[in-house]
Amino acid sequence: LRAAALQKALDEGEAAHARALLDAEAARAASAGALERSLETLRAEFAEANTAQLAATEQHLVAGAQVQKERDVAQASVAKMGAASALHLTRLTEATERVAALEH
């Protein structure tokens with residue numbers, strides 16, 4: 001009788017241990033699933049932020065290119081005005097010299 005009681009206690013202990021192992025495995029699987037979902041959420045948020053940053057950088061580069069283009073146009077205009085002023089000054093000097101020569 002005593003051997004049967006010991007065997008029953010041993011069987012119940014093994015069953016409880018097996019249930020505890022199954023519960024621990026289920027908890028581990030749930031934790032792994034939650035971690036995977038968290039990682040997926042972080043990946044999606046990172047991809048969204050990265051896309052927004054790339055768009056902002058592209059807009060900045062486009063705006064910079066436009067500013068450079070406007071600078072180039074302004075510099076060309078200033079160069080043309082400088083050349084026209086130099087030509088005007090040369091002609092004015094020549095005319096002044098001709099008038100001075102006529103006066104003498």
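The values are calculated or read from the model by the stated rules, or taken from the named source; none is laboratory data. Predicted model only: the values in this text are computed from it and were never measured. For neighbour counting, all protein chains shown are included, and Cβ atoms are generated from backbone atoms with ideal geometry for every residue, glycine included. Note: areas computed on protein heavy atoms with side chains; ligands, DNA, RNA excluded. Shrake-Rupley method; radii C 1.70, N 1.55, O 1.52, S 1.80 Å.
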_Sequence of 89, 39, 102 from largest to smallest accessible area, 1.4 Å probe_ = 102, 89, 39
_Just to verify a number: FRET efficiency for residue 94 and residue 61, C-beta to C-beta distance, R0 = 35 Å, to 0.05?_
0.10
*To the nearest 500 deg cm²/dmol, what mean residue ellipticity at 222 nm is calculated for the chain from DSSP H runs of n ≥ 4 alone, each contributing -39,500 (n - 2.57), summed and divided by the residues?*
-38000 deg cm²/dmol
*Helix 2-103 sits at what angle to the longest principal axis of the chain, using alpha carbons and giving 0 to 90 degrees rounded to 10?*
0
_Carbon and sulfur %, accessible surface of the chain computed with the full protein complex present, 1.4 Å_ = 65
*For the chain, size of Cβ-based charge dipole, Lys and Arg +1, Asp and Glu -1, in debye*: 100
*Working out 0.36 nm times the residue gap between residue 34 and residue 51, then minus their Cα-Cα distance, what length gain in nm do you get to one decimal?*
3.6 nm
_Residue-normalised accessible area of the chain, given per residue in Å² at a 1.4 Å probe_ = 88
